[in-house]
Structures are given as structure tokens and as C-alpha cells.
């Protein structure tokens, strides 16, 4: 349970900081002093991973991503039961974080004059006609990201104490490349939470497209596990 709670907290922080940066970056349009740009959002996600890696890494391994958990399971590093528990609590953490973002946007407090009625949850989606590019992007970038995770955390060939830094910077790189295509998911939990609250706001497109942000990352993670097992084998 300590591992599960750690995963929930870690995913909460990742979603709150990353999606929060994406949402609050939007308030900078036409407003001096606000907004962090695509690069800022990318670093928000990556730095959140680095922070959590050195906070809960020794407790749960800091997956905070169902795709990573699937890759770790497929690599034989954890049981199916434990992997399932990780995924459930990761999604819960993302939903709680999305609720906090929604609350901050809609409470009518000091920030109320900045927001409008458009979707302000940081949800993932793709434009009409872009299903194939979106699927390929999420598949390939998740493959790359999870491969970095599996390699840097390998007990024999990994990066040791620098694993968290390598993983966080890899996520920054992935976001820089993929944000223009899908908003970058590579993490089903991070997509599910914001999609729910986007639909509450009246935009259910992210919910209707959520299958892609679950299936593509999971397939990419499975490929990562197979590739890493192949190239890391001593045979």
C-alpha cells in the first residue's frame, strides 16, 4: 500500500505540475508576465519526474505512468498484481490533480478574470484527420521514453543515482518534439484525468479520443520491454 500511495502522490504531482503549466501558460496570451511556452511546459513535466524520482524512487520505483509500469512488468521486474495496483493508483492521482486544476480555474478567485470558457485542463487530443500521425507519435515517443527508463534503471547496466535525471530529461525531450502533435501524453493516467474534466467543461473530444492515448503508449511500452531485453541480454 505504501508503494501504491507513493505512485498516487507521484502521479498527482506530475499531472498537477505538467498539466498545470500547460493550462496556466495559456493565460499568458496577451497578458504580460504570464505564460511559459512549449519549452516551459516540457520542462515542467520533466522536472516533476526528476523531483518525484528522488522523493519516492526508493519506495515504489517512481513509475507514475501506467506505460512505464507495463514495461517494467513485461521486463519481468514486477508481478502482474502489483502492476495492476500501480496503474489504478496512478489514474487516481491524475484524477485528483485534474480536479485541483479545475478547481483553480473555476473557483472565481484571484485568477478568475484570466480564464475563459475554453478547455482548461491540459487534456490530450488530436485534430480531425490526424489520427494516424497522433497514434504513431504516441507509440514511438513512448517507446523511446520507456526504453530510457528501463535502461537507466537496470540493476546491472543502469545509470544508478543519475537515473532520475536521465528519465526527467528524456521526458523533456519527448514533450518538446510531441507537444505540437498531441499535446504529449506517453502516459495514459496523465491523459485520463484531464479528459474527464474536459468533458465536464463541455468538451468531450478528449474522452472520445482517450483510447488512442491508452493503446498507443501501452504498445510502445511493450516494444520497449522486448527491445531492452534483447539488447541488454548477455547471450
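The values are calculated or read from the model by the stated rules, or taken from the named source; none is laboratory data. Note that the coordinates shown come from a computational prediction; the quantities given were computed from them, not determined experimentally. Cβ: placed from backbone, ideal geometry, glycine included. Neighbour counts: every protein chain shown.
Anything in the range 76-95 that is more than 15 Å from residue 191 (Cβ to Cβ) and either touching a strand residue (DSSP E or B) at 6+ places or on another chain (Cβ under 7 Å) or assigned to a helix (DSSP H, G or I) (or both)? List them, or say none. Please lay out each step first, then the result.
Going residue by residue through the range 76-95, those that are more than 15 Å from residue 191 (Cβ to Cβ) are 76-86, 88-89.
The answer is 80, 81, 82, 83, 84, 85, 86, 88, 89.
Looking at (1) surrounded by 24 or more Cβ atoms within 10 Å (Cβ to Cβ); (2) modelled with pLDDT of 95 or more, can you tell me which one residue 139 breaks?
Answer for residue 139: the failing condition is (1).
Go through the residues of the range 95-103 one by one and say whether even a single one is under 24 Å from residue 165 (Cβ atoms), at pLDDT 95 or above and crowded, with 20+ Cβ neighbours inside 10 Å. Please lay out each step first, then the result.
Applying the first criterion (under 24 Å from residue 165 (Cβ atoms)) to the range 95-103 yields 97.
Now restrict to residues that are at pLDDT 95 or above: 97.
In the following step, the residues that additionally are crowded, with 20+ Cβ neighbours inside 10 Å were identified as 97.
Within the range 95-103, one or more residues are under 24 Å from residue 165 (Cβ atoms), at pLDDT 95 or above and crowded, with 20+ Cβ neighbours inside 10 Å.
Here's the yes/no breakdown for (1) at pLDDT below 95; (2) closer than 12 Å to residue 190 by Cα:
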residue: 14; (1), (2): no, yes
residue: 20; (1), (2): yes, yes
residue: 26; (1), (2): yes, no
residue: 37; (1), (2): yes, no
residue: 49; (1), (2): no, no
residue: 52; (1), (2): no, no
residue: 64; (1), (2): no, yes
